[in-house]
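Inspection log for the structure reproduced underneath, given as structure tokens.
The values are calculated or read from the model by the stated rules, or taken from the named source; none is laboratory data. It should be emphasised that the depicted structure is a prediction, and the values quoted were computed from it without experimental measurement. Ideal geometry is used to build each Cβ from the backbone, glycine not excepted, and the neighbour counts take in all protein chains shown.
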Amino acid sequence: MKRLSSTELKHEKKRKLSWVTNSFIFFGFIGILFYGLTVFAFGTEEATSDIEGRSLEERPTFSPSSFLNGTYMETFEASANDQVFQRDFWIESQSWFQRNILRQAMNNGVINVDGMLLSPETNASEYSSLGVFMKDFKAEMDEVDIPVYFASAPSKPVYATRRDLFPPYVQSVDAANRGELHQRIEEADISLIDLEKRLGEYEGGEIYFMTDHHWRAEGAFKAYEQIMSELGDVFPDADALDFGDMETKQVDGPFYGSSAREISISYVEDPDTFTYLEPKDGFTTTVCRNGDDCGYEVLDRDVLDNTTDFTNYYNIFMGDNYAQATITQEKPKNDYHLLVLKDSYANPVLGYLGESFGKVTALDVRYFEDYPVDISEYAKENDVDGVLFLHNDRISGLGSTYQKNL
């Protein structure tokens, strides 16, 4: 028998080791694949992803028509991606690797700056379509003597720009875009309520959530105070709430906001503490959603039930966004009807405004597809006494939507 040389023995050992390693990898891959397929086929589907804050695509029901027109395969592919076994674990693992191994400072367009999560805008906007809408809308309101105001809330990236918080390698055009928005408002001859004049006096943590793109209830109340101060001459019987009459309430547990869900928890230094404000004697209003779905409060306390670490507590304000929400005082203090054209920044402010105006109607054009409303006709036909746009300054995409519903 031929004796193998030492070199040949080494090669033989390497081949055996390589065979064992390759076999382990192959069978491990096959095992994971079949396990994943088994879980996908027979496991329990998840309707939502708490960590991402969105609904997940569920497995489609097969039909010949959906298969032939391609919708079945599209939905199946989306559900296969969304229903991956241990999806949240893989998302967090990827984010941890990106931050701690690859040292990536940003994830999904969000950056952590001293604990504050920020999503700088890099695309300049002139708000041209919104400017056209505001001119046309203002002209229609002038015909029926309805005053129009625009309360402009500064977004977190604008605050960060003013305070020079962004590192040199991060580009942000948010402040410039805000200037363009204000120029369009003034060109439309709409009264501008620049909320940055008041809010700019405070530190970011007093106004904004650190992990969410919204402002805190306390910041929203400061904005409400400025709005009421500037509307006071036109609506003298609309009494403003006093902060001393408000009670601050804190939610148990951490709050990981929208920005935390976008960037992933691996990038979050500390969660927020979620607080909300309520008059010491309670709110005195009722809310109707999308017409005659009534009997709600401006604070939806159901949000506080069955919570997780990723519960969106911001939905306590008005119970989320609706195409139309009407807030009516149970014992009207005046007969003023204020129409608010809004985004989600307005939600906590609506509860405060409802204590000052006999009736407040809030319209959110982002949801008109499910419940369409003609804005101008609504104002003319429902005895509206004033119109208040209440938006943050990142609304470049809303111009065309507003135009369609003028």
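Some points to look at:
- You will find that of Ala124, Ala160, the residue that is small (Gly, Ala, Ser), modelled with pLDDT of 70 or more, part of a helix (DSSP H, G or I) and under 30 Å from Ile265 (Cα atoms) is Ala160 and no other.
- Of all the criteria given as (1) within 30 Å of Phe209 (Cβ to Cβ); (2) touching a Lys or Arg at 6+ places or on another chain (Cβ under 6 Å), the one not satisfied by Tyr371 is (2).
- Region 239-263 residues that are in contact (Cβ under 8 Å) with a residue 12 or more places away in the chain and within 30 Å of Pro332 (Cα to Cα), paired with ones that are assigned to a loop (DSSP other than H, G, I, E, B) and of a type outside the set (Asp, Glu) (beta carbon under 8 Å, 6 or more apart): Asp239/Lys333; Ala240/Gly232; Asp245/Lys280; Met246/Lys280; Glu247/Lys280; Gln250/Thr273; Gln250/Phe274
- Checking Asp293, Asp309, Asp272 one by one, the residue that is among the acidic types (Asp, Glu) and surrounded by 19 or more Cβ atoms within 10 Å (Cβ to Cβ) is Asp272 and no other.
- Which numbered condition Phe255 fails, given (1) touching a Gly at 6+ places or on another chain (Cβ under 6 Å); (2) crowded, with 16+ Cβ neighbours inside 10 Å: (1)
- Extreme residue, surrounded by the fewest Cβ atoms within 10 Å (Cβ to Cβ), among residues of region 139-157 that are in contact (Cβ under 8 Å) with a residue 12 or more places away in the chain and part of a helix (DSSP H, G or I): Glu140
- Screening Asp302, Asp374, Asp335 for residues that are among the acidic types (Asp, Glu), under 24 Å from Leu398 (Cα atoms) and in the same structural domain as Tyr208 (by TED's automatic domain parsing) leaves exactly one candidate, Asp374.
- Put simply, of Thr248, Thr211 the only residue that is of a type in the set (Val, Ile, Thr), within 26 Å of Asp300 (Cβ to Cβ) and surrounded by 20 or more Cβ atoms within 10 Å (Cβ to Cβ) is Thr211.
- Screening the candidates Glu196, Glu201, Glu218, Glu180 for the property of being closer than 30 Å to Ile263 by Cα, within 19 Å of the chain's Cα centre (by Cα) and assigned by TED's automatic domain parsing to the domain that holds Ser119 yields one hit, Glu218.
- Residues satisfying the stated conditions in region 323-335, i.e. surrounded by fewer than 21 Cβ atoms within 10 Å (Cβ to Cβ) and either in contact (Cβ under 8 Å) with a residue 60 or more places away in the chain or in contact with a Lys or Arg (Cβ under 6 Å, 6 or more places away or on another chain) (or both): Thr328, Lys333, Asn334
- Of the candidates Ser129, Ser172, the single residue that is in contact with a helix residue (DSSP H, G or I) (Cβ under 6 Å, 6 or more places away or on another chain), in a loop (DSSP other than H, G, I, E, B) and among the hydroxyl-bearing types (Ser, Thr, Tyr) is Ser172.
- Test: Val387 is without any contact (Cβ under 8 Å) to a residue 60 or more places away in the chain and in contact with a helix residue (DSSP H, G or I) (Cβ under 8 Å, 6 or more places away or on another chain): no
- If the condition is being over 21 Å from the mean Cα position of the chain (by Cα) and either at pLDDT 95 or above or of a type in the set (Val, Ile, Thr) (or both), then region 97-121 contributes only Ile101.
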